[in-house]
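Have a look at this one before I ask anything.
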Amino acid sequence: MSLIEKITYFVLLAVIVVGIYLDYNNQEFLTNAYAKEDGILENTTALMLFAGGILMFYRFLKLGRKKNGWFKLTTLGIALAFLFGAGEEISWGQRIFSVESSTFFLENNVQSETNFHNLEVGGVKLNKLIFGQILTAFILIYLIVFPILYKRWNTFKLLINKFAIPLPQVHHAVAYLTCLALLLLMSSGKKWEIQELALSLIFFFILWKPRNNIYEIKREINS
């Protein structure tokens with residue numbers, strides 16, 4: 001771990017501990033100040049997602065000509081996914097620029113905001129289904145199962161490197177699992193705001209320094 005990662009993990013732990021304390025002692029402050037909409041936690045989450053998108057877009061431009069087509073596709077795809085996540089987190093600047101939601105979002109978004117993750121379709125909340133259960137399952141598989149397969153199955157390792165998929169290091173998985181375990185101590189729904197912050201920070205570090213060094217030119221695997 002780098003020094004900046006150690007410091008970030010320490011700060012993240014402090015954020016969670018304070019959240020747990022407020023959950024048991026002052027939920028009103030937790031909801032209306034500490035983890036409020038457009039507060040420092042949500043804005044930091046959006047900032048880290050944006051930073052991850054810019055990092056990957058920079059690598060796409062800088063390394064694209066020296067890498068294969070799969071590298072370009074995956075790197076650009078990750079960049080767009082992170083930028084999309086950042087836009088969703090701040091409702092595409094709706095509140096920043098005081099833009100009213102369209103009729104569609106007023107009728108189908110549980111918060112009447114211009115974003116997709118809070119849509120309710122046929123009585124099903126997308127945030128709970130896709131961005132909750134499905135995403136959580138994927139994250140756990142990605143953080144735990146993928147690294148094990150990468151280490152023990154050479155074919156899987158070659159495919160991961162060929163498709164330029166950045167893999168987490170051990171401390172990334174440990175950090176997320178620790179955060180998740182601690183957040184389960186909270187009863188307030190605001191714990192998910194803290195979880196989103198943890199994910200944005202940890203995934204930025206995964207992109208910054210992945211386990212498989214796919215951003216080194218010398219490790220290029222031809223398609």
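The values are calculated or read from the model by the stated rules, or taken from the named source; none is laboratory data. A quick note: this is a predicted structure, and the numbers were derived from the prediction, not measured. Methodologically, a virtual Cβ is constructed for each residue, glycine included, from the backbone with ideal geometry; neighbour enumeration extends over all protein chains shown.
Any residue at all in the range 177-186 that's in a helix (DSSP H, G or I), closer than 29 Å to Glu216 by Cα, modelled with pLDDT of 95 or more and not β-branched (Val, Ile, Thr)?
Among the residues of the range 177-186, at least one is in a helix (DSSP H, G or I), closer than 29 Å to Glu216 by Cα, modelled with pLDDT of 95 or more and not β-branched (Val, Ile, Thr), which makes the answer yes.
Considering only the range 60-75, I want to know if a residue exists there that is modelled with pLDDT of 95 or more and under 25 Å from Tyr176 (Cβ atoms).
yes
Tally time: how many residues in the range 103-132 are modelled with pLDDT of 75 or more, within 16 Å of Glu196 (Cβ to Cβ) and of a type in the set (S, T, N, Q)?
Selection size over the range 103-132: 2.
Would you please list the contacts, defined by Cβ atoms under 6 Å and residues six or more apart or on different chains, that run from a residue in the range 162-179 that is in contact (Cβ under 8 Å) with a residue 40 or more places away in the chain and basic (Lys, Arg) to a residue that is in a loop (DSSP other than H, G, I, E, B) and surrounded by fewer than 23 Cβ atoms within 10 Å (Cβ to Cβ)?
Note: pairs meeting the criteria are Lys162/Ile221.
Another question, if that's okay. Can you tell me how many residues within the range 151-193 are among the aromatic types (Phe, Trp, Tyr) and either within 15 Å of Leu12 (Cα to Cα) or exposed (fewer than 14 other Cβ atoms within 10 Å of the Cβ) (or both)?
Count: 3.
Step by step: first the residues of the range 47-85, then only those that are of a type in the set (A, V, I, L, M) and buried (at least 21 other Cβ atoms within 10 Å of the Cβ), then the one that is farthest from Lys162 (Cα to Cα). Which residue is that?
Met48
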